[in-house]
Protein chains: 2
Amino acid sequence: MKFEAIINHINKFANPSEEEIQSFIDILELENISSREYLIKEGQYCNYNHFIVKGCFRSFFTNKKGVEKTVNFGIEDWWLTDFDSFMNKTQTQLNIQATEDAVILKVSKSNLDIVLQSSLEINKYFRVILERVRIADQRRIQFMFNLSGEELYNTFYEYNPEFVQRIPQYMLASYLGFTPEFLSKIRTKKHS
Amino acid sequence: MKFEAIINHINKFANPSEEEIQSFIDILELENISSREYLIKEGQYCNYNHFIVKGCFRSFFTNKKGVEKTVNFGIEDWWLTDFDSFMNKTQTQLNIQATEDAVILKVSKSNLDIVLQSSLEINKYFRVILERVRIADQRRIQFMFNLSGEELYNTFYEYNPEFVQRIPQYMLASYLGFTPEFLSKIRTKKHS
């Protein structure tokens, strides 16, 4: 059933009635995305937030030196968008690209706002998710301040073992702020 | 009136009824905090979230080399806590300290949860605030990836001119990941 993953996810963090669930899934659109296809590209307006049913994505920007910098990853049960663009209707500076064949459910800002006007539990669901994202972002900022390259990799591995298997190493290196060569050296040391 | 700032802030982002406002302010406790006093200290449990009515705070941790690293600042109309500790009931790794004499409204997790069970608009208020925090965190992570030291300072100055005047320079240097000497050099160049 195409809404099973999202319904399970909502029920994990909130207690919506059947009507609240129905009003929410009524505004979701299912989409298949091929590997390497873009959900959004730099310069566009992010009119949608995306729930990942299947697959893996990365968001990245190209810095002034022309180097791709990976900002985030997303896998099953994550919401992914450029929040600044989605909320404030600004042009995004990010690209979001599938790293595997994927299935998403997307919701437009205007439809989501309508449901959020009347559903306490859908508000709660997104509030709780944002609390968890806030914790992850804060942890990441602290790590960026405090950990050596090798510790960053080990910590990432500990928190996200499934990512390390799924994503190309040059993307992971970029996310951690390494060169691919440096990452390769750390991995050899860790796994040998 | 001691709840004026928080009521204005809620009304800016949500549309609560008088009853919803009342149920929320009933669970707030006013507290005066002296400059340099701690709201929370490393190793404690953050049972409260704090709304800043007046004053300025910083959150920081001490890294493995014994150096204080400033993670966040907060001024009027900001909520400040260690979210990880507050949500997950873990010991905090952070310190939150007043950098000026301050007035806060604090709310316990258990009381907040009760209000959030029944008020759509208070859920909405915290959801919208968290969306804005998410945008700021993402912007910061992108800046940390992409900007030179001088650009980081200029960007911080542009987004937060009021902070630069209010906080001790060594704290700002720590927040931006600089030595105080490096910050002093950039400031001299910018403002001369």
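Each reported figure results from applying straightforward, stated rules to the coordinates on display, with no laboratory input. These figures come from a predicted structure and were not determined experimentally. Positions of Cβ are generated from backbone atoms using ideal geometry, with glycine treated the same way; all protein chains shown enter the neighbour counts.
If only residues of region B:134-165 that are under 18 Å from the mean Cα position of the chain (by Cα) and acidic (Asp, Glu) are counted, the one that is farthest from the other protein chains (Cβ to nearest Cβ) is B:Glu162.
Scanning region B:99-121 for residues that are more than 9 Å from chain A (Cβ to nearest Cβ) and assigned to a helix (DSSP H, G or I) yields B:Lys109, B:Ser110, B:Asn111, B:Leu112, B:Asp113, B:Ile114, B:Val115.
Of the residues making up region B:69-127, those that are farther than 17 Å from B:Ile25 by Cβ and hydroxyl-bearing (Ser, Thr, Tyr) are B:Thr70, B:Thr81, B:Ser85, B:Thr90, B:Thr92, B:Thr99. Hey, among the residues in region A:175-192 that are surrounded by 11 or more Cβ atoms within 10 Å (Cβ to Cβ) and polar (S, T, N, Q), which one's farthest from the chain's Cα centre (by Cα)? Here the answer is A:Ser184. Among residues of region A:126-138 that are within 9 Å of B:Asp84 (Cα to Cα), those with a beta-carbon under 9 Å from a residue that is assigned to a helix (DSSP H, G or I) and of a type in the set (Val, Ile, Thr) at least six positions away or on a different chain give the pairs A:Arg134/B:Val133.
Could you check region A:42-67 and list, in sequence order, the residues that are free of Cβ contacts under 8 Å to residues at least 60 places away in the same chain, assigned to a strand (DSSP E or B) and among the charged types (D, E, K, R)? Hit for region A:42-67 is A:Lys54, nothing else.
When you scan region B:96-118, how many residues do you find that are among the hydroxyl-bearing types (Ser, Thr, Tyr) and within 14 Å of the chain's Cα centre (by Cα)? Of the residues in that region, 1 qualify.
The residue list B:Phe83, B:Phe57 contains one member that is within 12 Å of chain A (Cβ to nearest Cβ) and either out of contact with any strand residue (DSSP E or B) (no Cβ under 6 Å at 6 or more places or on another chain) or not small (Gly, Ala, Ser) (or both), which is B:Phe83.
Pairs linking a residue in region B:14-41 that is farther than 28 Å from B:Gln91 by Cβ to a residue that is part of a loop (DSSP other than H, G, I, E, B), with Cβ atoms under 6 Å and 6 or more positions apart or on different chains, are B:Glu20/B:Ser119; B:Ile25/B:Phe3. Restricting attention to region A:68-87 and to residues that are aromatic (Phe, Trp, Tyr) and assigned to a strand (DSSP E or B), the residue that is nearest to A:Arg134 (Cα to Cα) turns out to be A:Trp79.
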